Amino acid sequence: MKKLYPITKIIMKILEIANWVAAGLMAATAICSRFASQWLRYLTDVCELENPLEISVYGFEVANMNTARVETLTVLFLFSISAVIIFSLLAMIFRNVHLIMKKSENTTPFQKDNIRMLKEIGIFSISIPIVGLVMSVIIRLVCGIDAVETSVSFDGVTMGLVVLCLTQVFAHGLELEQDVDGLL
């Protein structure tokens, strides 16, 4: 079990950094789609993106059914904003897991900070599909209901609820540990 801590810490830090980089790239994509669309035209020519445009990030998917270039850039802009938020939430999840592993490496995991971070992980996990749902509604209202198809996976809600339940178990473990320490 002790060998798992350093490996997990490294993997979580890599995933955190990767999600922050992805959030930055999506922010750049949002800016380009709004203010420098000629840069994106070059990218679409090189990558030969499909028409209709289909993009997804962690269970949030958008398909532009309209072939108009302006609407594609609007869809890409709105999707990029949602992707920045989703990638940032995921980066925070991986950051918290890294910190929990770091704090628990040579001591008990039943600590107030760990319980707080575990609760945040649950909230962030639930927030990801909510962001997707809200942005799905916004994209469909802005671009037209027939012009865009959206899909949101609600797996994050289930995972978030499980993590919030585990938070209660850890809080109870902290109370029991404090009771035992008080008896000694």
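The values are calculated or read from the model by the stated rules, or taken from the named source; none is laboratory data. Computed from a predicted structure; not experimentally measured. Ideal geometry is used to build each Cβ from the backbone, glycine not excepted, and the neighbour counts take in all protein chains shown. Just so you know, the surface numbers come from the protein's heavy atoms only, side chains and all, with ligands and any DNA or RNA stripped out. Shrake-Rupley method; radii C 1.70, N 1.55, O 1.52, S 1.80 Å.
Points worth noting:
- Listed by first and then second residue, the pairs with beta-carbon distance under 6 Å, at least 6 apart or on different chains, first residue in the stretch 105-117 and assigned to a helix (DSSP H, G or I), second open to solvent by less than 80 Å² (accessible area, probe 1.4 Å) and among the aromatic types (Phe, Trp, Tyr), are 115/170.
- Going through (1) more than 19 Å from residue 162 (Cα to Cα); (2) open to solvent by less than 30 Å² (accessible area, probe 1.4 Å); (3) of a type in the set (S, T, N, Q) one by one, residue 106 falls short only on (2).
- Criterion (of a type in the set (Gly, Ala, Ser), at pLDDT below 95 and within 30 Å of residue 54 (Cβ to Cβ)) met by exactly one of 104, 151: 151
- The conditions of being modelled with pLDDT of 75 or more and of a type outside the set (Val, Ile, Thr) are met by residue 54.
- Every listed requirement among (1) modelled with pLDDT of 85 or more; (2) within 24 Å of residue 153 (Cβ to Cβ) is met by residue 75 save one, (1).
- Some residue of the stretch 144-154 being open to solvent by less than 80 Å² (accessible area, probe 1.4 Å) and either part of a helix (DSSP H, G or I) or among the aromatic types (Phe, Trp, Tyr) (or both): no
- Residue match in the stretch 131-144 (condition: among the aliphatic types (A, V, I, L, M), closer than 21 Å to residue 165 by Cβ and modelled with pLDDT of 90 or more): no
- Hits in the stretch 19-51 (condition: in contact with a helix residue (DSSP H, G or I) (Cβ under 7 Å, 6 or more places away or on another chain), open to solvent by 50 Å² or more (accessible area, probe 1.4 Å) and modelled with pLDDT of 80 or more): 20, 34
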